[in-house]
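The values are calculated or read from the model by the stated rules, or taken from the named source; none is laboratory data. None of the values given here were measured: they were computed from a predicted structure. Because the Cβ atoms are built from the backbone with ideal geometry, glycine has one as well, and the counts that use them run over all protein chains shown. We work out accessible area using only protein heavy atoms, side chains counted, and drop any ligands, DNA or RNA first. Shrake-Rupley method; radii C 1.70, N 1.55, O 1.52, S 1.80 Å.
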Amino acid sequence: MNEIGRIGYGPEEAAMQAYLEAGAERARTLGNRGPIRFTEDGRVHPDILDAYWRTGFYVFENVVDQEELADIEAGMKDVLSRLPVAQGAEVDAEGRPALGLGLKAPTLFWSKPLGDPVGGTSENKGRHPVKMFEPTPDAAAPKEIVYLILGSLQFADAALRLYGHPKLLAVAAGVNGDDFVPFNESLFIKEPGRGASVAWHQDGVTHWNSPDWDMGSHGFNFMAQLYGCTPANGVWVVPGSHRRGKADIKAMVAAAGTERLPDAVPIVCAPGDVAMTNRQAVHGSFANTSTQWRITLNQGFHRRRSILGVESGGVYRSACNYDADFIRRRARLIGYAIDARRQRYPDEAAYAYAPLAGETYRWDDAAKADIRDYHLEDLSI
């Protein structure tokens with residue numbers, strides 16, 4: 001992967017560096033990281049769940065081994081090599097049909113280098129009310145870069161196999177119940193010196209005013225890290241904000257006098273670590289002015305009761321009602337992922353996903369055709 005020199009934050013440089021260091025120090029005190037651990041009966045260790053519900057995120061260390069990381073890296077390099085040469089182009093740099101060509105669902109999301117493409121706009125239901133500072137990229141930077149890819153499981157078998165990781169699926173069951181359901185999957189690409197910011201926001205648009213709202217109503221995301229992540233290129237979270245309902249982010253930034261929210265902390269990971277982040281937590285990331293890549297494989301999951309019979313939020317697709325058949329069809333991706341992983345790692349004990357018990361899913365060419373445009377069926381709330 002290419003590397004460029006670190007880009008400064010202009011007049012914000014000194015303040016930004018101090019903020020990064022202070023945030024990393026605060027993060028080290030939270031007690032919410034370590035390996036995935038289970039009790040004797042196979043349930044997620046309660047210490048992990050307690051720390052997650054207390055802070056709104058948890059860093060699972062050393063989840064993905066070196067063999068699988070190499071597999072994922074090869075898959076991600078292939079994905080990046082197939083990106084269009086420019087927004088709207090039909091070919092990649094080698095003249096091949098570009099990634100996502102002919103798909104109906106929105107797939108590739110673009111930004112100017114080091115930009116904030118959604119902050120302060122009405123995009124994503126207006127969830128990003130404040131624009132982040134946009135540093136100046138180097139003169140050789142392209143006009144636009146891809147910072148987000150949706151529907152990622154159809155583009156890389158390695159991503160699908162990670163989706164079937166038995167320990168991660170067991171954690172999803174521990175947080176959301178054995179009948180947990182998918183949300184969506186994506187790739188966040190933070191190229192050094194060019195990667196875009198993601199303005200402060202809370203995910204979820206549906207349940208904020210529900211009478212049974214609680215701190216898990218909008219699910220969580222796994223964020224698997226190929227190269228790790230640092231305070232400079234990683235996601236930042238305001239600990240505990242998932243417990244307090246809908247936040248007034250614009251007022252928070254106004255009170256701080258800067259988008260560097262004083263209570264936020266960075267998620268810091270080594271290669272192969274997987275962070276779990278509550279979607280209701282206030283979170284965001286700064287433009288990647290560092291010299292290090294961040295490639296994050298995002299996998300989201302919901303509680304079934306948060307989805308069944310609910311009218312969708314309409315962020316990733318037009319609004320519809322999520323009935324049992326719709327949910328079951330979207331959950332087939334878990335069935336395919338478990339089989340894809342079984343084929344690659346036959347000595348690993350496969351996860352048994354309760355909602356698909358008694359059904360058989362085979363990852364083959366027919367399945368690959370079946371999941372084309374699958375993210376039209378994402379369970380967005």
> Of the numbered conditions (1) open to solvent by less than 50 Å² (accessible area, probe 1.4 Å); (2) in contact with a strand residue (DSSP E or B) (Cβ under 8 Å, 6 or more places away or on another chain), residue 351 satisfies every one except a single condition; which is it?
Replying inline: (2)
> Is it true that some residue in segment 106-115 is assigned to a helix (DSSP H, G or I), under 23 Å from residue 184 (Cβ atoms), open to solvent by less than 20 Å² (accessible area, probe 1.4 Å) and touching a residue at least 40 places away in the same chain (Cβ under 8 Å)?
Replying inline: no
>> Report every pair of residues separated by at least 6 positions or lying on different chains whose Cβ atoms are under 6 Å apart, first residue within segment 363-378 and at positive phi, second part of a loop (DSSP other than H, G, I, E, B) and among the small types (Gly, Ala, Ser).
In response: 373/105
>> Residue under question is residue 136, and the condition is that it be at pLDDT below 95 and over 25 Å from residue 293 (Cα atoms); does it hold?
In response: no
>> Taking the criterion of being open to solvent by 50 Å² or more (accessible area, probe 1.4 Å), acidic (Asp, Glu), modelled with pLDDT under 95 and over 18 Å from residue 295 (Cβ atoms), would at least one residue in segment 7-18 satisfy it?
In response: yes
> Quick one: which of 252, 215 is open to solvent by 30 Å² or more (accessible area, probe 1.4 Å), within 25 Å of residue 29 (Cα to Cα), among the hydrophobic types (A, V, I, L, M, F, W, C) and part of a loop (DSSP other than H, G, I, E, B)?
Replying inline: 215
> Can you pull out the residues in segment 142-161 that are assigned to a helix (DSSP H, G or I) and in contact with a strand residue (DSSP E or B) (Cβ under 6 Å, 6 or more places away or on another chain)?
Replying inline: 152, 153, 159
> Taking segment 4-53 on its own, how many of its residues are more than 20 Å from residue 269 (Cβ to Cβ) and not in a helix (DSSP H, G or I)?
Replying inline: 11
> Which of the residues belonging to segment 218-249 are open to solvent by less than 30 Å² (accessible area, probe 1.4 Å), in a loop (DSSP other than H, G, I, E, B) and closer than 18 Å to residue 49 by Cβ?
Replying inline: 218, 219, 240
> Which of the residues spanning segment 260-290 are open to solvent by 30 Å² or more (accessible area, probe 1.4 Å) and more than 15 Å from the chain's Cα centre (by Cα)?
Replying inline: 260, 262, 263, 270, 271
